[in-house]
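Notes follow once the structure below has been shown.
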């Protein structure tokens with residue numbers, strides 16, 4: 001499952017990179033980039049989080065799958081986790097510097113919220129770096145599949 005999730009993430013990254021190369025030639029380019037950014041981050045993190053797993057499918061990648069990451073790549077990995085958890089997958093007002101005030105107008109309470117804009121598109125540099133990171137993980141998964149297939153008593157395809 002992790003391989004499929006990460007392969008899908010690569011497809012999303014390729015689309016966002018094409019958007020950057022075409023200089024956003026669209027009326028709703030920013031919205032498209034934001035939607036792709038959300039899809040990239042949420043899909044990228046699926047293999048790293050606990051989920052409802054079947055006994056015959058390993059859904060959580062072990063930490064050793066990240067061993068080939070540089071410090072810069074690990075920093076981006078953690079940044080993506082923070083963005084996923086605070087901004088995209090959950091509603092966290094702290095992530096958006098959101099404040100809610102109650103003002104009395106006449107006999108009614110009026111709620112006013114303030115804060116920065118919610119979502120920003122993924123930077124081109126981050127997309128390129130994430131693409132390299134995913135390639136490293138997919139290579140690791142392929143090597144693990146090969147290793148397991150070569151274990152005594154193991155037969156079949158993964």
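None of the figures in this text is laboratory data; all of them are computed from the coordinates on show. These numbers were taken from a predicted model, which means no experiment stands behind them. Cβ coordinates were reconstructed from backbone atoms using ideal geometry, including for glycine residues, and neighbour counts include every protein chain displayed.
Quote to one decimal, in nm, the extra length available between residue 1 and residue 63 on full extension: 0.36 nm per residue of separation minus the C-alpha distance between them. List each step's numbers first, then the result.
Values: separation 62, 0.36 × 62 = 22.32 nm, distance 1.63 nm.
Full-extension gain reported as 20.7 nm.
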Open item on the list: Kirkwood Rh and Cα-based Rg: tell me the resulting Rg over Rh for segment 1-53, rounded to two decimals.
Closed with: 1.08
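Place the peptides 75-85, 36-46, 60-70, 6-16 in order of packing, highest mean first, counting for every residue the other Cβ atoms within 10 Å and averaging per peptide.
Numbers: 75-85: 15.9, 36-46: 21.0, 60-70: 13.4, 6-16: 17.9.
Averaged packing, sorted descending, gives the order 36-46, 6-16, 75-85, 60-70.
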TODO: Please give the contour-minus-distance gain from residue 28 to residue 124: 0.36 nm per residue of separation, less the Cα-Cα distance, rounded to one decimal in nm.
DONE: 32.8 nm
TODO: Note down the nm distance, to one decimal, between modelled labels 7 Å out along Cα→Cβ at residue 142 and at residue 72.
DONE: 2.3 nm
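Give the calculated FRET efficiency between residue 131 and residue 151 to the nearest 0.05, with a Förster radius of 30 Å applied to their Cβ-Cβ distance. Could the numbers behind the result be given before it?
Values: r = 31 Å, r/R0 = 1.04.
So, using R0 = 30 Å, E works out to roughly 0.45.
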